[in-house]
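A.B. asks: Quick one: structure below, then a few questions.
Every number here is computed from the coordinates shown, using simple stated rules; none is lab data. Predicted, not measured: the structure shown is a model, and the values here were computed from it. Cβ atoms come from the backbone with ideal geometry, glycine included; neighbour counts cover every protein chain shown.
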Ligand SMILES: [Zn+2]
């Protein structure tokens, strides 16, 4: 197998914009509501498709099922790739949501995974806010009253976000991404979202969007505020892999650059696939692959069978690294 590059799958929603173009230099079709760019997905009909090399046109789902250990290593046998990675351009506030955990999602028709997710703030307009968890002491009864009264925002723990913030959102946590943020998100591959509050907005038809109050409140299992976390700097000043979130479902690390000159990282070799998303600078894979450097906004999936990989980057290069525990 080779390193795998996939075509982004764009999702347009009213809250999106054109920042994938202005921030990452991508070419977008006409329109001003590009909200999500799915970079790695294998969930039903939503499939990443390989865009270069001999496997061009193959879906991630086909690779997971047909290549088995070659792609998945010690995770071979899974019916689908368990994680979804996307970039989000929040020109406007997203609705306030909660996702169920695995046990609750398994009882749905059709059954799905729960959704634990983590965000990395790629870019932030001044004053942009993240809503993560609840103010201390807020109960389910308080939430219900606030939803019915259109004041749920008063219950939410909110803070101003800056680039480099990482926010871990376990399933059952009330959350929203605020206007002005560009976010990279890793999550369990799942499609179950309960909308609790939509900022009292109405859609193009003049009607408010549907809320899922009862199911959503039952899914809330995490109370209290969620604070942002940041990668720790290396005292040596060498390029490093700084852990952001290591949970049961995924490991998310930041490839931090060397303070001076070229950065080098060693990845893989643990018989599992590894995923990289370049946020700034450019990232070069082992020269034997003969691939052009990955630029900001580009991603790559390194199959398990590649073994240890030497990665390098020009000064200032930053990337996210996702792997399976
Ligand atoms: Zn979410």
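A.B. asks: Compare 123, 271, 286 in a GNM of the chain, Cα atoms joined below 10 Å, and give the one with the largest fluctuation.
C.D. replies: Highest fluctuation of the listed residues: 286.
A.B. asks: Related question: How much mean residue ellipticity at 222 nm does the chain get from its helices, if each DSSP H run of length 4 or more adds -39500 (n - 2.57) and you divide by all residues, to the nearest 500 deg cm²/dmol?
C.D. replies: -3000 deg cm²/dmol, from helical runs alone.
A.B. asks: For the chain, what is Rg from Cα atoms divided by 2.2 N^0.38 Å, rounded to two decimals?
C.D. replies: Values: Rg = 19.7 Å, N = 325, 2.2 N^0.38 = 19.8 Å.
Scaled against compact globular proteins, the figure is 1.00.
A.B. asks: If I take every Cα pair under 8 Å that is 6 or more residues apart in the chain, average their sequence separation and divide by the length, what percent do I get for the relative contact order?
C.D. replies: Reported as a whole number, the value is 19 percent.
A.B. asks: Using the Kirkwood radius over Cα pairs, work out the Stokes-Einstein diffusion coefficient for the range 180-274 at 25 °C and 0.890 mPa s, in µm²/s as a whole number.
C.D. replies: Translational diffusion coefficient: 137 µm²/s.
A.B. asks: Here's another thing I want to ask about it. For the range 109-201, compute the orientation-averaged projected area of the C-alpha convex hull (one quarter of its surface), in nm².
C.D. replies: That works out to 6.8 nm².
A.B. asks: Order of 12-25, 177-190 by packing, highest average Cβ count within 10 Å first?
C.D. replies: Packing proxy ranking, top to bottom: 177-190, 12-25.
A.B. asks: Let me ask you something else. Let's test this: bin the Cα-Cα distances of the range 214-265 at 5 Å from zero up to the farthest pair and state each bin's percent.
C.D. replies: Distribution as computed: 4, 17, 16, 17, 13, 10, 7, 6, 5, 3, 1 percent.
A.B. asks: Turning to a different aspect of this structure: Pick out which of 254, 211, 108 has the largest mean-square fluctuation in a Gaussian network model of the chain, springs linking Cα atoms closer than 10 Å.
C.D. replies: Most flexible of the set in this elastic network: 108.
A.B. asks: For helix 140-149, report the angle its Cα long axis makes with the longest principal axis of the Cα atoms of the chain; keep it between 0 and 90° and round to the nearest 10°.
C.D. replies: Approximately 70 degrees, to the nearest 10.
A.B. asks: So if I take the centroid of the Cα atoms in the range 135-156 and the same for the range 40-107, what is the distance between those two points in Å?
C.D. replies: Answer, in whole Å: 33.
A.B. asks: Looking at the chain as a GNM with Cα springs under 10 Å, which of 202, 245, 41 has the largest mean-square fluctuation?
C.D. replies: 202
A.B. asks: Taking Cα centroids, how far is the range 1-17 from the range 177-210 in Å?
C.D. replies: What the calculation gives is 18 Å, centre to centre.
A.B. asks: Over all directions, the average projected area of the alpha-carbon convex hull for the range 235-325 comes to how many nm²?
C.D. replies: 5.7
A.B. asks: If you take the Cα atoms of the range 15-103, find Rg, then find the Kirkwood Rh from the mean of 1/r over all pairs, what is Rg/Rh?
C.D. replies: Checking Rg against Rh, the ratio lands at 1.05.
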